[in-house]
Every structure is written in structure tokens, then in C-alpha cells.
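**Q** Got a structure for you, written out below as C-alpha cells; questions coming shortly.
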Amino acid sequence: LTFSVLEQLSFLAPSDYRPDDLAYIRPRVRALTCTSNAMAPLARELGGAVEPGWDETARAQLRAELDGYYAHLYGLTRLELRYILDPQEVLGPDFPGETFRVLKDNERRALGEYRTGRLVLAAYDALAENPRFRDEVPQRACTVRPFLEAAQPAANKATS
């Protein structure tokens with residue numbers, strides 16, 4: 001990893017996190033990462049204990065909650081998040097771009113749906129009512145809307 005590559009990465013600085021952000025993020029990260037006694041030091045550092053076991057449904061929910069939270073931290077609109085999760089769902093099946101294809105295909109085969117997309121959008125929507133984000137969500141500008149509108153007229157009807 002070169003310095004020039006690092007400069008191009010988009011990530012939040014530690015000073016960008018509020019105490020309520022950390023209170024939301026830490027227990028979810030702990031539950032996802034601290035599943036064996038070997039991770040006990042990290043669990044303690046994150047303010048808890050090891051949570052043994054592996055419930056894939058619960059883990060999917062925790063990942064979705066973190067994805068939704070970070071979408072808010074990065075200031076994404078709902079339309080931008082939908083586009084990231086599945087551009088073809090926003091722009092139609094003929095749109096040549098695709099993200100998370102393997103994940104989507106695996107989930108549709110195993111679960112009959114693209115569960116991650118559904119869970120992330122549900123978490124995003126629930127968090128939009130959270131006092132942390134409630135006031136800023138209506139003010140966000142959708143940076144991809146002009147692209148979406150130019151690419152397909154149906155995107156005009158897409159919810160933001």
C-alpha cells in the first residue's frame with residue numbers, strides 16, 4: 001500500500017466519530033469479531049466479553065446495521081445506497097454495471113432473495129429516524145441522481 005493509494009481511500013478520521021457513533025459501532029464489531037477466547041483481549045478493549053457461537057442470521061443483521069450506519073456517516077442518500085447495493089435494481093436489468101454479484105447470486109440461490117440488500121436498506125431506513133441522523137437526511141444532496149436520470153428515465157421515479 002503506497003502513500004498515494006492511501007491518500008485516495010475514503011475513510012473517516014478517528015476524530016470524525018462521536019461518542020454515540022462508537023456506542024453503536026463497538027458492540028456490533030465485538031459481536032462479529034470476538035467469537036473465540038483468542039479474541040478476549042480485543043473484546044475487553046471494545047468494552048465487553050467474547051460472544052461465542054456463530055448465528056449467521058444474527059451476523060447478517062449486525063453487518064447490515066453497520067453498513068446502514070456507515071452509509072449515514074458517509075452522507076449517502078437512500079437512492080445512492082440502493083445504487084451501490086444493486087445498480088440494476090435502480091436502473092433496470094439492462095444496465096451493464098453490477099456490484100456484489102457473487103453475494104447476490106449466492107443469497108438468491110440459498111435464501112431466495114438478496115437478503116443483504118433488504119437488510120441494509122431496512123437498517124438505513126430505521127437509522128434515518130435516529131436523532132443522530134434525522135435532521136441531516138432531508139438535507140443530503142444525491143450526487144448520482146443526474147447520472148441516474150440521464151441513464152434511464154425510470155430513475156426519475158426512484159425514491160431518494
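**Q** Would you confirm whether or not segment 65-83 contains a residue that is in contact (Cβ under 8 Å) with a residue 12 or more places away in the chain, open to solvent by 30 Å² or more (accessible area, probe 1.4 Å) and more than 25 Å from Leu148 (Cα to Cα)?
**A** yes
**Q** Okay, next question. If you check Val90 against the conditions, is it crowded, with 16+ Cβ neighbours inside 10 Å and either in contact with a Phe, Trp or Tyr (Cβ under 6 Å, 6 or more places away or on another chain) or over 30 Å from Pro138 (Cβ atoms) (or both)?
**A** yes
**Q** Keeping to segment 2-45, report how many residues are part of a loop (DSSP other than H, G, I, E, B) and under 23 Å from Tyr74 (Cα atoms).
**A** Final tally of qualifying residues: 7.
**Q** Only residues that are of a type in the set (Val, Ile, Thr), over 20 Å from the mean Cα position of the chain (by Cα) and open to solvent by less than 50 Å² (accessible area, probe 1.4 Å): list them for segment 5-40, please.
**A** Thr35
**Q** Does Ala43 satisfy the condition of being of a type in the set (Gly, Ala, Ser), in contact (Cβ under 8 Å) with a residue 12 or more places away in the chain, under 24 Å from Ala128 (Cα atoms) and surrounded by 15 or more Cβ atoms within 10 Å (Cβ to Cβ)?
**A** no
**Q** Which of the numbered conditions does Phe95 fail, given that it passes all the others? Conditions: (1) over 28 Å from Thr33 (Cβ atoms); (2) open to solvent by 30 Å² or more (accessible area, probe 1.4 Å); (3) not in a loop (DSSP other than H, G, I, E, B).
**A** Going through (1) over 28 Å from Thr33 (Cβ atoms); (2) open to solvent by 30 Å² or more (accessible area, probe 1.4 Å); (3) not in a loop (DSSP other than H, G, I, E, B) one by one, Phe95 breaks only (3).
**Q** So Val50 passes all but one of these: (1) exposed (fewer than 11 other Cβ atoms within 10 Å of the Cβ); (2) assigned to a loop (DSSP other than H, G, I, E, B). Which condition number does it fail?
**A** In the conditions (1) exposed (fewer than 11 other Cβ atoms within 10 Å of the Cβ); (2) assigned to a loop (DSSP other than H, G, I, E, B), Val50 misses (1) alone.
The values are calculated or read from the model by the stated rules, or taken from the named source; none is laboratory data. These numbers were taken from a predicted model, which means no experiment stands behind them. A quick note on method: Cβ atoms are made from the backbone with ideal geometry, for glycine too, and the neighbour counts reach across all protein chains shown. The area values use the complete protein model at the heavy-atom level, side chains included, leaving out ligands, DNA and RNA. Shrake-Rupley method; radii C 1.70, N 1.55, O 1.52, S 1.80 Å.
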